[in-house]
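The values are calculated or read from the model by the stated rules, or taken from the named source; none is laboratory data. Just so we're clear, the structure is a prediction, and the values are computed from it rather than from any experiment. All Cβ positions, glycine included, derive from the backbone under ideal geometry; neighbour counts span all protein chains shown. For accessibility, only protein heavy atoms count, side chains too; no ligands or nucleic acids. Shrake-Rupley method; radii C 1.70, N 1.55, O 1.52, S 1.80 Å.
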Amino acid sequence: MTSRLPRSPGRALPALAAALALALPSGCTGAARPADRRPLDERVAATAAPALRAFYDQRIDWRRCSDEDDADPDAAVVRCATLKVPLDYADPGGRTVDVALAMVPAADRKQRIGALLLNPGGPGNSGVDMVRWGWKGYQGPLHDRYDLVGFDPRGAGDTTPVHCLDDRTRDQWDATDDPAYDHGRTLAEACRARHADLLPHLGTRDTARDLDVLRGALGERRLDFLGFSYGTHLGARYAEEFPERTGRLVLDGAVDHSVPATRLGIEQAVAAEAGLRAFAAACATEDGPACPLGADPAAAPQRLAGFLDGLRERPLRAADGRTLTAALGWDAALDVLADGHRSWPRLREALEPAVTRSEAEGLLALADGADGRGEDGHYRTPADAYAAISCADGPPPPTEAELRPALAELAARAPLTSGHDPVGTLLDPDCRAWPFRSPEPPQPVRAPGSAPVLVIGSTKDPVTPYVWAQRLAAGLEHGVLLTRDGDGHTGYDKSGCVRDAVTAYLVDGRLPAAGTHCPSD
């Protein structure tokens with residue numbers, strides 16, 4: 001994990017919980033879909049294969065999430081449950097998986113439209129946490145009309161969580177600056193040793209099938225879904241697998257799988273480099289305390305990269321004995337820059353003591369947030385789930401012949417963000433040693449016959465570049481692209497215009513006009 005661009009397990013929930021939006025069932029008309037009054041088993045029968053009927057027929061037993069929630073009125077309204085799904089959809093009579101769920105009921109039961117399924121991204125972040133701790137930010141028409149339903153995808157949170165490296169090994173794995181240290185193989189072997197039976201069944205297509213079982217168990221005729229970042233890949237896969245069952249899907253911060261992994265790595269590194277250069281130049285020119293990168297906006301980006309790269313030879317020691325390496329310094333910087341200019345002060349505050357006084361604590365704290373490391377030194381699930389899910393989805397890795405020109409292009413287009421570990425930057429995560437990978441070649445998602453899918457892209461998104469949203473929307477047979485002009489990852493939490501457009505579609509069924517651009521707040 002020495003060089004990956006930010007997937008942000010540490011910041012995804014605060015940032016994306018603020019971006020939680022809601023979807024209404026299918027179609028493009030302004031009227032709410034009439035409730036289907038048939039018994040649940042009749043509604044499910046049309047969509048469940050005979051061998052899966054019992055899964056679609058199951059009743060979800062919603063209960064309070066914790067006895068401790070009784071003392072907190074905000075938490076007390078949340079209900080938790082589990083959904084049983086097959087581990088292997090080719091063998092529905094075999095081992096099962098319990099998918100963790102959380103739900104906040106619609107506030108206005110008379111005007112309730114249905115359930116909205118939510119995914120905060122990662123891959124590997126918890127949709128249960130997204131609902132349990134983020135629902136109060138959505139009071140008003142959205143929360144009035146919808147049950148908010150979060151779920152932990154298989155491999156993450158409380159759904160068969162993937163933990164491969166112990167905390168001490170993870171500390172070393174994150175911090176190493178040794179280019180000969182085989183990160184991919186170390187993680188792959190540890191995951192295979194602990195989860196060999198699970199790893200083949202963590203791909204996004206499996207999770208998309210779980211979504212359809214959840215749709216049926218909730219009694220919904222069509223899936224209404226809002227996904228951020230990796231959640232856009234999940235939503236797109238669902239539309240591809242079950243186009244006739246799509247409701248209103250909103251995909252914010254689009255992930256694209258239509259081109260080879262090396263192309264995606266280059267595009268992501270270029271977008272991240274633009275964000276780094278913008279931050280450093282602004283630091284050098286803004287009024288206020290002296291910028292630790294100097295006063296020359298042209299030289300500041302190189303000085304920032306030089307300081308972070310220099311930690312390889314001159315790491316900083318923290319008071320508690322931990323070491324700030326180049327790998328951790330880059331984790332810290334890229335993760336904060338993922339949120340755009342509104343988080344620049346946080347990075348500047350951490351850089352100033354590190355650059356001027358060799359104090360490591362500020363950047364180490366930011367790196368811990370990026371890597372999912374708690375104050376107690378324990379790592380949360382996303383650190384391993386990210387690789388397990390990503391590699392399960394990934395196409396065959398590049399050959400050496402394909403890698404060489406890609407690395408040359410990377411060095412030419414993103415020299416600052418890739419110089420410390422070019423291969424790790426290009427292949428995020430490095431799945432070359434992973435034992436279970438998808439055989440599918442890169443290709444656009446078409447989803448013919450689906451309802452319209454609203455895709456949101458931000459022009460300066462440093463994590464999911466704008467071109468990914470353009471390609472995803474263009475590939476979908478019924479994709480509609482909404483553009484936010486601005487920086488930072490995802491658009492809903494950064495633009496009132498985007499929020500209004502999303503609400504108009506999800507609540508009233510009104511899509512934005514083709515070519516619509518929204519300013520940032």
(request) Kindly indicate whether any position in the range 446-464 is over 19 Å from the mean Cα position of the chain (by Cα), over 30 Å from Y181 (Cβ atoms) and either outside any loop (DSSP other than H, G, I, E, B) or at pLDDT below 90 (or both). (result) no
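Does A469 qualify as being at pLDDT 95 or above and open to solvent by 20 Å² or more (accessible area, probe 1.4 Å)? Spell out the reasoning first.
Working: at pLDDT 95 or above: yes; open to solvent by 20 Å² or more (accessible area, probe 1.4 Å): no.
Against the criterion (at pLDDT 95 or above and open to solvent by 20 Å² or more (accessible area, probe 1.4 Å)), A469 does not qualify.
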(message) Residues that are more than 18 Å from T232 (Cα to Cα), touching a residue at least 24 places away in the same chain (Cβ under 8 Å) and among the aliphatic types (A, V, I, L, M): does the range 244-263 have at least one?
(response) no
(request) Name the single residue, out of those in the range 278-298 being open to solvent by 50 Å² or more (accessible area, probe 1.4 Å) and of a type in the set (A, V, I, L, M), that is modelled with the lowest pLDDT. (result) A290
(request) Go through the range 392-414 and count every residue that is touching a residue at least 40 places away in the same chain (Cβ under 8 Å) and either open to solvent by 40 Å² or more (accessible area, probe 1.4 Å) or in contact with an Asp or Glu (Cβ under 9 Å, 6 or more places away or on another chain) (or both). (result) 9
(message) Which numbered condition in (1) farther than 29 Å from P179 by Cβ; (2) under 23 Å from the mean Cα position of the chain (by Cα); (3) among the charged types (D, E, K, R) is the only one that D296 fails?
(response) (2)
(message) Can you find a residue that is under 30 Å from A387 (Cβ atoms) and not aromatic (F, W, Y) anywhere in the range 494-513?
(response) yes
(request) Among what's in the range 495-518 and is more than 23 Å from the chain's Cα centre (by Cα) and of a type in the set (V, I, T), pick the residue that is most open to solvent (accessible area, probe 1.4 Å). (result) T516
(message) If I ask for residues that are under 16 Å from L334 (Cβ atoms), of a type in the set (G, A, S) and surrounded by fewer than 20 Cβ atoms within 10 Å (Cβ to Cβ), which ones from the range 415-439 would you list?
(response) G419
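Test A217 against the stated conditions and say whether it is within 11 Å of G121 (Cα to Cα) and either among the polar types (S, T, N, Q) or touching a strand residue (DSSP E or B) at 6+ places or on another chain (Cβ under 8 Å) (or both). First the steps, then the outcome.
On the way: within 11 Å of G121 (Cα to Cα): no; either among the polar types (S, T, N, Q) or touching a strand residue (DSSP E or B) at 6+ places or on another chain (Cβ under 8 Å) (or both): yes.
Answer is no for this residue.
Just one of L328, L316, L347 is in contact (Cβ under 8 Å) with a residue 12 or more places away in the chain, open to solvent by less than 50 Å² (accessible area, probe 1.4 Å) and touching a strand residue (DSSP E or B) at 6+ places or on another chain (Cβ under 9 Å); which is it? Break it down into steps so the answer makes sense when it comes.
Values: L328 fails: touching a strand residue (DSSP E or B) at 6+ places or on another chain (Cβ under 9 Å); L347 fails: touching a strand residue (DSSP E or B) at 6+ places or on another chain (Cβ under 9 Å).
It is L316.
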(request) Test each condition in (1) β-branched (V, I, T); (2) within 20 Å of A284 (Cβ to Cβ); (3) surrounded by fewer than 23 Cβ atoms within 10 Å (Cβ to Cβ) for V336 and report the one that comes out false. (result) (3)
(request) May I ask you to list the residues in the range 249-264 that are outside any loop (DSSP other than H, G, I, E, B), open to solvent by less than 10 Å² (accessible area, probe 1.4 Å) and either acidic (D, E) or at pLDDT below 95 (or both)? (result) D252
(request) Hey, could you check the range 195-240 for residues that are basic (K, R) and under 17 Å from D88 (Cβ atoms) and say which is surrounded by the most Cβ atoms within 10 Å (Cβ to Cβ)? (result) R209
(request) State which residue pairs qualify: first residue in a loop (DSSP other than H, G, I, E, B) and inside the range 283-298, second residue open to solvent by 90 Å² or more (accessible area, probe 1.4 Å) in any location, beta carbons under 8 Å apart, and separation of 6 or more residues or different chains. (result) L293/R303; G294/R303
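Could you run through the range 356-383 and say how many residues are within 17 Å of the chain's Cα centre (by Cα), open to solvent by less than 60 Å² (accessible area, probe 1.4 Å) and not hydroxyl-bearing (S, T, Y)?
Here is the first cut: in the range 356-383, the residues within 17 Å of the chain's Cα centre (by Cα) are 369-372, 380-383.
From what's left, open to solvent by less than 60 Å² (accessible area, probe 1.4 Å): 369-372, 381-383.
Filter again for not hydroxyl-bearing (S, T, Y), leaving 369-372, 382-383.
The total comes to 6.
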